[in-house]
1. Hey, can you rank 107-116, 357-366, 126-135 by average C-beta count inside 10 Å, highest first?
2. Could you let me know the centre-to-centre spacing of the range 280-302 and the range 392-427, using Cα atoms, in angstrom?
3. Any idea what the dipole of the range 172-313 comes to, in debye rounded to 20, about its Cα centre with Lys/Arg Cβ at +1 and Asp/Glu Cβ at -1?
4. Just grab the label-to-label distance for Lys455 and Lys258, each label 7 Å out from Cα along the Cβ direction, in nm (one decimal).
5. Please list 306-317, 491-502 highest first by mean number of surrounding beta-carbon atoms within 10 Å per residue.
6. Determine the gain in length on full extension of the stretch Asn294-Asp145; use 0.36 nm per residue of separation and subtract their C-alpha separation, reporting nm with one decimal.
7. Rounded to the nearest percent, how much of the accessible area of the range 98-200 (1.4 Å probe, protein heavy atoms only) is carbon and sulfur?
8. For the peptides 283-292, 396-405, 334-343, what is the packing order when you average, over each peptide's residues, the other Cβ atoms within 10 Å and list the highest mean first?
Amino acid sequence: MSDTQTSAPSRDDFASMLEASLAGRDLMEGAVVRGTVTAVLHDTVVIDVGLKTEGRVALREFTGPGSEAPKLGEQVDIYLERIENALGEAVLSRDKARREEAWDRLETTFESKEPVNGAIVGRVKGGFTVDLGGASAFLPGSQVDIRPVRDVAPLMNKEQPFAILKMDRPRGNIVVSRRAVLEESRAEQRAELVGQLAEGEVREGVVKNITDYGAFVDLGGIDGLLHVTDMSWSRVGHPSEVVEVGQTVQVQIIKINKDTQRISLGMKQLQSDPWDGVALKYPNGAVFKGRVTNIAEYGAFVELEPGVEGLVHVSEMSWTKKNVHPGKIVSTSQEVDVMVLDVDPDKRRVSLGIKQTQRNPWEVFAEAHPVGSEVEGEVKNITEFGLFIGVDEEIDGMVHLSDLDWDRSGEDAIQDYKKGDSVRAKVLDVDVEKERVSLGVKQLGGDPMDEGGFKRGETVTCTVTEITTGGVEVSLGPDNLVKAFIRKSDISRDRAEQRPERFAVGDKVDARVTNIDKASRRVSVSIKALEMAEEKEAVEQYGSSDSGASLGDILGAALKGQDED
């Protein structure tokens, strides 16, 4: 019997053996370890990482872009997911090992804000997938290039630099940008090119793009803005009127902004300024021909020569057309005669007038129709204060209510007229400065007050027109156009005879003119005053105060004398 003896292991021995077999599990799982390739099969690589069993990794995890299949005995970094699975094998991953390595490297690059190389490998919603040497990143569509890219195929699977915009390792998110790298590179090139330019320098460039406000010109790797106002001294409606895409142009560098690296260009600066000496070329009061280039609500712009425009304000366009749009007076491209009203070279402004090149129609009318002459025209408008009559092709004259009729009120007289009626009138006044023509209709027939030639104390024959309780209305003068009123107390010297009902409409009576008021157009007459005047005259002729003759004797003698005569 041998001296060697065997004994059954104790409980403590099993515990120590278990601890030994599990030693390092917590430290190794979920970490990248070093392993040795022990076999390369058809689609599997067998790797020994120093555990009781080997692990198997799919061959495709080793043969990605830029990688080759490992060789027997080669040392490789591998990710240990689990020490042992249900089959007793180690669970390994080359992809995760590469990803962990990439994350460590990318975090360092992200902190230093340096670009990282990668390749666009696929398209996803909203952008693309980029392989950063084991780590997958998202490239938004807006970050592919500086300008929108229609075809991304030439950029696929091509290694190029990217800038890391965002990293979130716990979530496994990485956002990259190719545009940021291009802009930085472009900014460096731009800064270098800007340093080679100088303000005032003349360069040749190619028009790359045209907008509503100007054109972008490529000066050889850097763009400058040629604003529409710097294209020509003349008014430019749209930049396409002067330049076109692809055209080679000579430009002058007007300004360089070192901070924003913006370059302002000009073409008109290469030509002589037409505003030099403009005050001498266009003196005030001189008349020139011009072409209407633009029409606005407040007036029209007229080009006197290329680069020099003046404004004709709407108030200086026509003598008679007021409150109308300038487009109803002139049209674009129309040639017009204009007078220079004012020149301001500093502000580059020229004030022009069209109506000043024509005679004032009110002056012409005043010469042709002096005050007192008669005109005939059509009623153009009827207002609450009178009639407007067209006395000329461009001029209307006004007949005030008070100048329609001598006897009737203006409100009554204006009812006789309607628009379109032909009316004759007399020119009462022409105010050239206020552009007014005053006319009168009643003045055509003369003033009945003047034609009657009435005098105080004169005996007139009146015709009774109306009987009232207070007196008698009468008419007198030529054609009985003058109205008068005989008060009850003036009907007779005898109080008993002071009765209006003694008369009838149409009766003829003699009376004495006692007062004339032209302002109110009233003539005062009195039968009583006539009787008293006749009595006084009879006394003086046929009797005296000491003759002893009675009044009846005197009147009788006076009447007898009249009969004998």
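The values are calculated or read from the model by the stated rules, or taken from the named source; none is laboratory data. Remember, predicted model here, so these are calculated numbers, not experimental data. Methodologically, a virtual Cβ is constructed for each residue, glycine included, from the backbone with ideal geometry; neighbour enumeration extends over all protein chains shown. Quick note on the areas: whole protein, heavy atoms, side chains included, nothing else; ligands and nucleic acids left out. Shrake-Rupley method; radii C 1.70, N 1.55, O 1.52, S 1.80 Å.
1. 126-135, 357-366, 107-116
2. 41 Å
3. 100 debye
4. Once both label points are built, they end up 10.6 nm from each other.
5. 306-317, 491-502
6. Here the answer is 49.4 nm.
7. The value for the range 98-200 is 47 percent carbon and sulfur by accessible area.
8. 396-405, 334-343, 283-292
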